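To start, the structure itself, in structure tokens.
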Amino acid sequence: MGNIVAIVGRPNVGKSTLFNRLTETRNAIVDAIEGVTRDRQYGKAFWNGVDFSVIDTGGYITNSEDIFENEIKKQVLLAIEEADSILFMVDVTSGITDLDEAVAVMLRKVNKPAFLVVNKVDNSARQYDAQEFYKFGLGELYCVSSINGSGTGDLLDALVVSFTKQTDEKTEDIPKFAIVGRPNVGKSSLLNSLMGEERHIVTPISGTTRDSIYTRYTKYHHDFYLVDTAGLRKKGKVHEDLEYYSVLRSVRSIESADVCLILIDATTGVESQDLNILDLALRNNKGVVLLVNKWDLVEKETNSVRDYEKEIRQKVAPFTDFPIIFTSAITKQRIHKVLETAIEVYQTRKKKISTSQLNEWLEVVVGAYPPPSVKGKFVKIKYVTQLPNKTPAFVFFCNLPQYVRDSYKRYLENKLRESFNFTGVPVRIYMRKK
């Protein structure tokens, strides 16, 4: 189960710049106008051998003063509820503001690691100015410059140490499936259709990890858990920013699952948030089944399924090797197909291929298309083996790993998929020196 880190603070203190640095992306839109981060930003970060998810609570805020403060409070409350650790960001150049004070008050009452990150500290005078933030009573200050990265190493060291060891993982090897998707795509309806009337077969066990609830499903000779997150119970507590909330909850569900059933709405098609959720599932190495829900509401033409499917795969490229099922949670169309497919993907994700089989395959594949030479140097791939990971990962040994182009790695991945069927599962490929 991964850890979730939320970056909170008032707009324009540099949250998105820090987010980009931690996740090594340019995902968040960075601009000097308050409240620019419109979309919920979430990504994966990696430090000292530890993976974690980062959420930028951005400035999704309407620019009028009174609403402004309430919105920030809402987001901080949500981050406090859903995240494992919190980075509270302030700006040394503007000193302490009322909004900073308000956030600090909330964080002092919380029993979770909260790190006070003072941004824009890029010279010794500012280092001195930063000391005033000690009066928040939140412990150690972490002075950083998120633009050039100074100070972020110490912050990350402390952050990673703060993650509690998850020792209470389930030992049972039963598949865990998460139903994820944007708000209102029909997740609850799908869950209810799956559960059906035979509610007594279902035993909700409160999740081992603080925030996930596993519901055991044992009908029709199946046996697996449907992962849901405890966020459902808290709806009344915070009149939340629904979209942000759903993202936090999707991240939780994805990290707790083996296979993600990603729902999209047939009436609206693939939207950017769907792509974000798919991307998150793939970066977490989860199996993926895409469900096009509300298919009963779409006008059909002769080729509509085929055309729709083609359009989806174009939008989500380069990863297109996953099952797409057209369903309707309400009319229960193809519900059983959903479960059978999820179980197939789960089995595929655990698949192991013998080294002898792989090396026979390698000979044929490299024989048909050897790696192109780079700067007059020829790459020779000698040997391949599957790593003992939980998810499919292969290491290829060769003389010049640094000269193997990404396009050639994609070729190898596609050939692996063709020969051994890894539909619905991310495949990782590593080149190592022999």
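Net charge in the neighbourhood of MET89 (other residues with Cβ under 11 Å of its Cβ; Lys, Arg +1, Asp, Glu -1) is 0. Extension gain for ARG306 to VAL110 (0.36 nm times residue separation, less C-alpha to C-alpha distance): 65.4 nm.
With a Förster radius of 22 Å applied to the C-beta separation of ASN123 and ILE96, the computed FRET efficiency comes to 0.65. For segment 300-430, the solvent-accessible area of protein heavy atoms averages 55 Å² per residue (probe radius 1.4 Å; ligands and nucleic acids excluded). Compute the label zone of ASN399 within segment 367-390: residues whose backbone N is under 15 Å from the point 7 Å along Cα-to-Cβ. Only 370-383 pass the distance filter.
Within the assembled protein chains, the solvent-accessible surface assigned to LYS351 is about 60 Å², based on a 1.4 Å probe.
With each label modelled as a point 7 angstrom along the Cα→C-beta vector, the LYS350-GLU418 pair spans 3.0 nm. Count Lys and Arg as plus one, Asp and Glu as minus one, and take only other residues whose Cβ is under 15 Å from that of TYR383; the net charge is then +3. Element breakdown for segment 354-434 at a 1.4 angstrom probe: carbon and sulfur atoms account for 51% of the accessible area. When ARG405, ARG306 are compared by accessible area of protein heavy atoms, the largest-first order is ARG306, ARG405, using a 1.4 Å probe.
The values are calculated or read from the model by the stated rules, or taken from the named source; none is laboratory data. If you're wondering where the values come from, they're calculated on a predicted model, not measured in any experiment. Glycine gets a Cβ as well: all are built from the backbone with ideal geometry, and neighbour counts include every protein chain shown. Areas reflect the complete protein model, heavy atoms only, side chains present, ligands, DNA and RNA absent. Shrake-Rupley method; radii C 1.70, N 1.55, O 1.52, S 1.80 Å.
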